[in-house]
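Let me begin by presenting the structure, written as structure tokens, before commenting on it.
The numbers here are math on the coordinates, done by the rules we state, and not lab data. Treat the numbers as computed from the prediction; the structure is a model and nothing was measured. Please note: Cβ atoms are built from the backbone with ideal geometry, for glycine as well, and neighbour counts cover all protein chains shown.
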Amino acid sequence: MPADQAPPMQRVLVVAAHPDDVDFGSGGAIATWTDAGLEVSYCIATDGDAGGFDPAVPRSAIAGIRQDEQRKAAAAVGVTDVEFLGYPDGQLVVSIALRRDITRAIRRARPDRVVVPSPQRDLRNVYVSHPDHQATGEAALCAIYPDARNPYAHPELLAEGLEAHTVPEVWVTSSNDRADHYVDITDTFHRKIAALRAHTSQTAHMTNLEERMRGWSAMQAQAAGLAQGRLAEGYLVLDSR
């Protein structure tokens, strides 16, 4: 379908491994999308129960704390629909169960765009190469194609009333040497920082959080060819129709 005949963008689903992944990678872009009237939903594979730095907080409390933090962070960028799949933090693999659960999220949201983490290891960036990120990215891409569009994949979803859905567009979060599309987040950067600060258990100790994020976003903007002082987030955009 030619670009000028494509239906208007209405819904975006963001798939991530942990609470706070969304906000580190895409918080600014998401705020621009909600400002533009798009409906954005989150599907978070784990509750982040292996995270946190305060030994005084019982491990049993971490999952609930991080869910609450993610909901508050989502509100900072205009998102109210947040689903947690409940997989154990640090133990994600590309399983049929994970593919099915992400497929369920896709069929529920029926998005025009799905944002996913990269399934590839970046040897120059340990953080983005977390095994949970890679597993989530690969499972999400499998859910997008072929699972979500195939009515005979995961037949239990049809029994739940969830019809097949073809995702037209996939955005893979990307470092600036792999991105081919950038979102200018200069005007929403403060909301990205507000979202990140909502993850108190993860970011309260980061005295230079805003400085770090500004530096990373400035490098992305430079790679995009934006003017000095602008900030951006980068993606590899795939046509998945």
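Structure values in brief
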{"quantity": "Normalised contact order of the chain, rounded percent, pairs of Cα under 8 Å and 6 or more residues apart", "calculated": "24 percent"}
{"quantity": "Inter-centroid distance (Cα atoms) of the stretch 173-212 relative to the stretch 141-155, Å", "calculated": "32 Å"}
{"quantity": "Under 12 Å, Cβ to Cβ, from G90 - net charge with Lys/Arg +1 and Asp/Glu -1", "calculated": "-4"}
{"quantity": "Gained length - D187 relative to D54, 0.36 nm times residue gap less alpha-carbon distance", "calculated": "44.6 nm"}
{"quantity": "Potential lengthening between S129 and A159 on full extension [0.36 nm per residue; Cα-Cα distance subtracted]", "calculated": "7.2 nm"}
{"quantity": "Most mobile of A223, A135, A73 in a GNM of the chain (Cα contacts under 10 Å)", "calculated": "A223"}
{"quantity": "Segment E211-T80, length gained on full extension (0.36 nm per residue, minus Cα span)", "calculated": "44.4 nm"}
{"quantity": "Helix-only CD estimate at 222 nm, as mean residue ellipticity for the chain, using -39500 (n - 2.57) per DSSP H run (n ≥ 4)", "calculated": "-12000 deg cm²/dmol"}
{"quantity": "Efficiency of FRET between S240 and Y152 - r from beta-carbon atoms, R0 22 angstrom, step 0.05", "calculated": "0.70"}
{"quantity": "The chain - share of DSSP beta bridges that are antiparallel (%, nearest 5)", "calculated": "35 percent"}
